Amino acid sequence: MSKEMFMIEELVKEMALILIDEKGMSMMDALHAIYNSDTYSILINLKSGLYSQSTAYVYEYLDNELRTGSMI
């Protein structure tokens, strides 16, 4: 596993834990929300560099997308 993929999977894990804690989601629902989001699509695009940001930073995009249907 590359360093970048490890970082992405760590971000996914940490964001899933936040969704479970703050939104009361199940693990399956949290992972489904993340893996099917536009945020995740950008996260896995290594050229975007999003994978190198903090969990809080990436989660802001995910949270906004889940609340509004749009990342921005």
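The values are calculated or read from the model by the stated rules, or taken from the named source; none is laboratory data. On a predicted model such as this, the values are computed, not experimentally measured, just so you know. Heads up, the Cβs are rebuilt from the backbone with ideal geometry, glycines too, and the neighbour counts pull from every protein chain shown. SASA here: full protein model, heavy atoms, side chains in, ligands and nucleic acids out. Shrake-Rupley method; radii C 1.70, N 1.55, O 1.52, S 1.80 Å.
The table for this structure:
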| item | result |
| --- | --- |
| Sequence of Leu66, Leu11 when ordered by accessible area, the most exposed leading, probe 1.4 angstrom | Leu66, Leu11 |
| Directionally averaged projected area (convex hull, Cα atoms, the chain), nm² | 4.5 nm² |
| GNM flexibility winner over the chain from Glu22, Glu14, Glu60 (Cα, springs under 10 Å) | Glu22 |
| Unit charges on C-beta of K, R, D, E only; dipole of the chain, Debye | 160 debye |
| Accessible surface of the chain, 1.4 Å probe, proportion on carbon and sulfur as whole % | 56 percent |
| Hydrodynamic radius (Kirkwood) for the stretch 2-43, which is based on Cα pairs only, to one decimal in Å | 10.4 Å |
| Accessible area expressed per residue, the chain, with surrounding protein chains retained (probe 1.4 Å, Å²) | 63 Å² |
| Helix-only CD estimate at 222 nm, as mean residue ellipticity for the chain, using -39500 (n - 2.57) per DSSP H run (n ≥ 4) | -22000 deg cm²/dmol |
| Net charge contributed by nearby residues that have their C-beta within less than 14 Å of Asn36 (K/R +1, D/E -1) | -3 |
